[in-house]
Amino acid sequence: MSGPELVVFSLLGLAGVGSAVAVVSGKDLFRSTLFFGSFLLSVAGLYFTLEASFVGIMQIFVYVGGVVVMILFGIMLTQQEGARLNASLERRLTVAGPVALLAGILIAAIMTTSFKTVREVPGVDIATLGKLFTNDYVLPFEIVSVLLLAALVGAVVVAKEREK
Amino acid sequence: MNVDFTAGSLLVPAAWGLGFVLFSALNVMFLVWMERKVSADIQSRWGPMVRGYHGSMQLLADMVKLLIKEDILPAAADKKMFALAPFLVFIPALLALLVLPIGPGLIARDMGVGLVYYLAVPSLASIGIFVAGWSSGNKYSTLGGMRSAAQLISYEIPRSLSVLGVVMLAGTLSMMGIVNAQKSLWFIIPQILGFLVYYIASIAEVGRTPFDLPEGESELVNGYFTEYSGMRFSFFMMGEYVALLVACLMGAVLFLGGWRGPFGLLPQLGPVWLLLKAYALVYVAMVVRWTLPRYRIDQLLEISWKVLLPISLINVALTAAIVFVGGEWLRGLLG
């Protein structure tokens, strides 16, 4: 990665980390969700700088347009406006402890693993991607489809039962 | 990616950006005037007649009025988010112009996945609508925001499926490639079902009557922008009109041959043809708005899930079958 690219990459990374911190440190659930959205957008930006534009757009499509909106719906249906999150210190520590431990293990694992690194991978165009999906990787692709279908049917069943 | 920070290379994106903003501003002015005139025509009135030729300067007067209005921040509002929301609604609509093919070889960014970009980015406006509704601190705003987002999401599915047929026929997701594939036959003819679903779903996504429940004044005062006034309000209005124009421009690109004239007439007029086609679609949307009454929320969702979705799925299956069986013949037909 050359100088200017590195600048863009670092800026996006900083934005991502900054929003991630804002997500967990905020007291307003709604704002936290919006910061989560901006975190996801910066990750999408990182994908763009790595020439994976399809993955980047899918990130925006699925995560920002889908997941974040879903969470916002959840907040609107369950929370009071202006409600603040106040967990006790004790409760925070019980959550923070295991999370810190897990993060430590992950970081240690990442640092010690010798990943096969490739200097530069040319961007894959979407036609190649599509062909791979429908030929070499057709079985995983179909399994994922079945999983999604099951989730869809499950959602309908859950919604139906509640009506009785 | 090759980011180039020399002055010349930054000039081009800056020029595109400025062009998009100017284009949107000018078109919004024209669209508001057109809306007034079309509504007046349907209701056997004259519409604005005093300022300028047939009231064409009316919007300038309105803009001045909006600019000098007091900027009201409701006491119960979350001030920062309240101020942010209009931009979150306006910017995604503007960003869609990035992949709009304006003329032969004339496009800001011909992405290989341009169509997916167009489906993904403008729908982010729903987050802005959420923010507006939530931060206003008003129950009507919150309800309107939720309705609007629910509507956007449920109509996104048939809209995304409706353009799949176009992708299958064109064999590409690049917007330029889709226009190029319509050299001899506009996709509206083989994809009439897809076009109808796209058009109806687009009108619903933009939130215009008969799908304007998010701002149904008899139930919700004015929906998610009830608390907004002055310039902040006009940003929402501008966002709505830009979204309408973008939906129609993209409809023209996907189904009406983009910048190609009918029967290859006057190819040098490229962008003019595109605008004419888009405005024809806008005109129909306006006539629909001033003719049909508003749907109920259950009807609205039923149209999406029980009518548009099955039709678009049938269209996908039909197109796939045609492409599979008669691929060669089709390629000959499309040139």
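Read the figures in this text as sums done on the coordinates, not as results from a lab. Here the structure is a predicted model, which means the values were calculated and not measured. Every residue, glycine among them, receives a Cβ derived from its backbone with ideal geometry; neighbour counts consider all protein chains shown.
Once Lys and Arg get +1 and Asp and Glu get -1 on their Cβ, which of B:Leu330, B:Leu276, B:Leu309 lies farthest toward the positive end of the dipole of the stretch B:234-335?
Farthest towards the positive pole: B:Leu276.
Averaged over A:53-66, how many beta carbons belonging to a partner chain fall within 10 Å of each residue's beta carbon?
5
Using a Gaussian network model of chain B with C-alpha springs under 10 Å, which one of B:Ala40, B:Ala181, B:Ala132 is most mobile by mean-square fluctuation?
B:Ala40
Note the per residue figure in Å³ for the convex hull of the C-alpha positions in the stretch B:216-323.
In the stretch B:216-323, the Cα convex hull volume per residue is 150 Å³.
Based on the mean of other Cβ atoms within 10 Å per residue, sort peptides B:239-250, B:276-287 so the most packed one is first.
Result, highest mean first: B:239-250, B:276-287.
May I ask you to compute the full-extension gain from A:Phe141 to A:Lys160, defined as 0.36 nm times their residue separation minus their alpha-carbon distance, rounded to one decimal in nm?
Gain on stretching A:Phe141 to A:Lys160: 4.0 nm.
Starting from the Cα coordinates of chain B, work out the convex hull volume and express it per residue in Å³.
157 Å³
For chain A, what size does the Cα cloud have along each of its three principal axes, sorted from largest down, in whole Å?
Answer, in whole Å and largest first: 49, 42, 29 Å.
Quote to one decimal, in nm, the extra length available between B:Ile314 and B:Leu67 on full extension: 0.36 nm per residue of separation minus the C-alpha distance between them.
Result for the pair: 84.0 nm of gain on full extension.
Taking the 0 to 90 degree range and rounding to the nearest ten, how far is the long axis of helix B:79-95 tilted relative to the main principal axis of chain B, both from C-alpha atoms?
Taking Cα atoms only, the helix is inclined about 20 degrees.
Grab the alpha carbons of the stretch B:45-107, take their convex hull, and tell me the volume per residue in Å³.
Dividing the Cα hull volume of the stretch B:45-107 by its residues yields 182 Å³.
Going toward the positive end of the dipole of the stretch B:21-155, with +1 on Lys and Arg Cβ and -1 on Asp and Glu Cβ, which of B:Leu60, B:Ala75, B:Leu115 do you reach last?
The residue sitting farthest along the positive end of the dipole is B:Ala75.
Taking the alpha-carbon centroid of each part, what is the distance from the stretch B:44-107 to the stretch B:161-197 in angstrom?
Going from one Cα centre to the other spans 31 Å.
Using r as the Cβ-Cβ distance of B:Asp298 and B:Phe87, and R0 as 41 Å, what FRET efficiency do you calculate, to the nearest 0.05?
0.80
Choose one answer from A:Thr112, A:Thr33, A:Thr78: the residue with the largest mean-square fluctuation in a GNM of chain A with alpha-carbon springs under 10 Å.
Largest GNM mean-square fluctuation: A:Thr112.
Over all directions, how big on average is the projection of the convex hull of the alpha-carbon atoms in the stretch B:275-335, in square nanometres? If you can, show how the numbers build up before the last one.
Values: hull surface 26.0 nm².
With the hull built on Cα positions only, its mean projection is 6.5 nm².
Take the alpha carbon gyration tensor of the stretch B:20-165, find the square roots of its eigenvalues, order them as a ≥ b ≥ c, and report rounded if a/c is under 1.5; if not, report prolate when a/b exceeds b/c, else oblate.
Details: a/c = 1.70, a/b = 1.08, b/c = 1.56.
Cα axes put the stretch B:20-165 in the oblate bin.
So for the pair A:Val67, B:Lys306, with labels modelled 7 Å out along Cα→Cβ, what separation do we get in nm?
Placing both labels 7 Å along Cα→Cβ, they lie 3.4 nm apart.
Which whole number gives the average, over all residues in B:114-124, of C-beta atoms from other chains lying within 10 Å of the residue C-beta? Kindly include the intermediate steps, with their values, before the conclusion.
Details: counts 2, 1, 7, 6, 1, 3, 11, 5, 1, 6, 8.
Taking the mean over all residues of the peptide, I get 5.
Which of the peptides A:23-32, B:170-179, A:49-58 is most tightly packed, and how do the rest follow, judged by the mean count of other Cβ atoms within 10 Å per residue?
B:170-179, A:49-58, A:23-32
What whole-number distance in Å separates the alpha-carbon centres of the stretch A:29-76 and the stretch B:282-299?
32 Å
Taking each residue in B:127-133, count the Cβ atoms of any other chain within 10 Å of its Cβ, then average. What number comes out? Let's see the in-between values first.
Values: counts 8, 0, 2, 9, 5, 0, 2.
Mean partner shielding for this stretch: 4.
Evaluate E = 1/(1 + (r/R0)^6) for B:Trp46 and B:Val288, where r is the Cβ-Cβ distance and R0 equals 25 Å; express this FRET efficiency to the nearest 0.05.
In this case the efficiency is close to 0.70.
Kirkwood Rh over alpha-carbon pairs of the stretch B:93-189, then Stokes-Einstein at 10 °C and 1.306 mPa s: what D in µm² s⁻¹, rounded to an integer? Don't skip to the answer; put the middle values down first.
Values: Rh = 15.1 Å.
Using the Kirkwood radius from Cα pairs, D works out to 105 µm²/s.
Applying a 10 Å radius around every beta-carbon, put B:44-57, B:309-322, A:144-157 in order of their mean neighbour count, most first. Don't jump to the answer; show the numbers that get you there.
Numbers: B:44-57: 13.3, B:309-322: 16.4, A:144-157: 10.0.
Top of the packing list down: B:309-322, B:44-57, A:144-157.
With charges only on Cβ, +1 for K and R and -1 for D and E, what is the dipole size of chain B about its Cα centre, in debye, rounded to 20?
For this selection, approximately 400 debye.
Taking just the C-alpha trace of the stretch B:96-152, give me its Rg and Dmax in Å.
Computed over the Cα atoms of the stretch B:96-152, radius of gyration and Dmax are 15.9, 49 Å.
Arranged by the count of other C-beta atoms within 10 angstrom, fewest first, what order do B:Ser136, B:Ser24, A:Ser114 take? Let's see the in-between values first.
Numbers: B:Ser136 26, B:Ser24 21, A:Ser114 5.
If I rank by nearby Cβ atoms, fewest first, I get A:Ser114, B:Ser24, B:Ser136.
For chain A, with only Lys/Arg (+1) and Asp/Glu (-1) charged at the beta-carbon, what is the dipole magnitude about the Cα centre, in debye rounded to 20?
That gives a dipole near 500 debye.
How do A:Phe36, B:Phe130 line up, fewest other C-beta atoms within 10 Å first?
On the way: A:Phe36 22, B:Phe130 30.
So the ranking, lowest neighbour count to highest, is A:Phe36, B:Phe130.
Can you work out the base-10 log of I(q)/I(0) for the stretch A:3-88 at q = 0.12, 0.23, 0.25 1/Å, using the Debye formula on its C-alpha atoms alone?
-0.41, -1.06, -1.16
Apply 1/(1 + (r/R0)^6) to the Cβ-Cβ distance of A:Thr128 and A:Val17, taking R0 = 30 Å, and write down the FRET efficiency to the nearest 0.05.
The formula returns an efficiency of 0.40 here.
Distances longer than 32 Å among the Cα atoms of the protein assembly as shown: what percent of all pairs is that? Each step should come with its number before you reach the end.
On the way: 59363 of 124251 pairs.
The proportion of pairs with Cα distances above 32 Å equals 48 percent.
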